[in-house]
1. Please indicate, with yes or no, whether at least one residue in region 112-124 is modelled with pLDDT of 95 or more, in a strand (DSSP E or B) and more than 17 Å from the chain's Cα centre (by Cα).
2. Could you look through region 1-34, keep only residues that are free of Cβ contacts under 8 Å to residues at least 12 places away in the same chain and among the hydrophobic types (A, V, I, L, M, F, W, C), and pick out the one that is nearest to LEU169 (Cα to Cα)?
3. Which numbered condition trips up LYS71, out of (1) open to solvent by 60 Å² or more (accessible area, probe 1.4 Å); (2) touching a strand residue (DSSP E or B) at 6+ places or on another chain (Cβ under 7 Å); (3) basic (Lys, Arg)?
4. Do you know which residues across region 153-169 are touching a Ser or Thr at 6+ places or on another chain (Cβ under 9 Å), surrounded by 15 or more Cβ atoms within 10 Å (Cβ to Cβ) and more than 22 Å from GLU104 (Cβ to Cβ)?
5. Is there a residue being open to solvent by 80 Å² or more (accessible area, probe 1.4 Å), at pLDDT below 95 and not in a strand (DSSP E or B) anywhere in region 17-30?
6. Suppose the filter is closer than 26 Å to PHE22 by Cα, of a type outside the set (A, V, I, L, M, F, W, C) and out of contact with any Gly (no Cβ under 9 Å at 6 or more places or on another chain); does ASP120 pass it?
7. In region 35-50, what residues are among the charged types (D, E, K, R) and in contact (Cβ under 8 Å) with a residue 12 or more places away in the chain?
8. Got a sec? Which of ILE150, ILE110, ILE77 is open to solvent by less than 40 Å² (accessible area, probe 1.4 Å) and either closer than 25 Å to GLN30 by Cβ or of a type in the set (Lys, Arg) (or both)?
Amino acid sequence: MSKKLEDYVLTIPDFPKPGIMFRDVTTIMQSPDGLQLAINGLCEKLKDVDFDLVVGPESRGFIFGTPVAYKMGKGFILMRKKGKLPRATVSQKYDLEYGTAEMEMHADAIKPGQKVVIVDDLIATGGSTECAVKLVEKLGGEVVKIVFIIELAGLKGRERLKGYDVESLIVYPGA
């Protein structure tokens, strides 16, 4: 019997605080079979999508987005925390549970009219993904699809991305 991608996700109760069920994607990455299932699953979600580039938010978006871009013959664009990129950048602030953060992309990373997919490990509240969408659009790109390994549906992150094509390989109903 072959394993499903869900079988590679380790759930850790009460981390980082009581009542939280932490979904650990590192157990997917450390398994050759789990990693192949994840990358192949993401590529399957994108097989009929017309796009030019993959954007991956720091840091797990790098891990999953780069092999997707490679496998599909597309370029890969980094989205990093403020101050980490060496050339001219555009930036976007977003809200965290306690405060704000800021992400950047190189100002020349996306040309106007290019079609972009965003690949990341997990959607929770949707703040960092909404930030990625805004950065792509600031540069004149068009977000044509957003894909995740895991979705925590109870945190309603998908609601922040209304109007965008969003899919996840695994959906957990709670937080």
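The values are calculated or read from the model by the stated rules, or taken from the named source; none is laboratory data. Computed from a predicted structure; not experimentally measured. Methodologically, a virtual Cβ is constructed for each residue, glycine included, from the backbone with ideal geometry; neighbour enumeration extends over all protein chains shown. Calculation scope for accessible area: heavy atoms of the full protein, side chains included, ligands and nucleic acids excluded. Shrake-Rupley method; radii C 1.70, N 1.55, O 1.52, S 1.80 Å.
1. no
2. Across region 1-34, the extreme among qualifying residues is PHE22.
3. Looking at each condition in turn, LYS71 falls short on (2).
4. Within region 153-169, ALA153, LEU155, ARG158, VAL166 qualify.
5. Yes, region 17-30 has at least one match.
6. no
7. Scanning region 35-50 gives LYS45, ASP50.
8. Only one candidate qualifies: ILE150.
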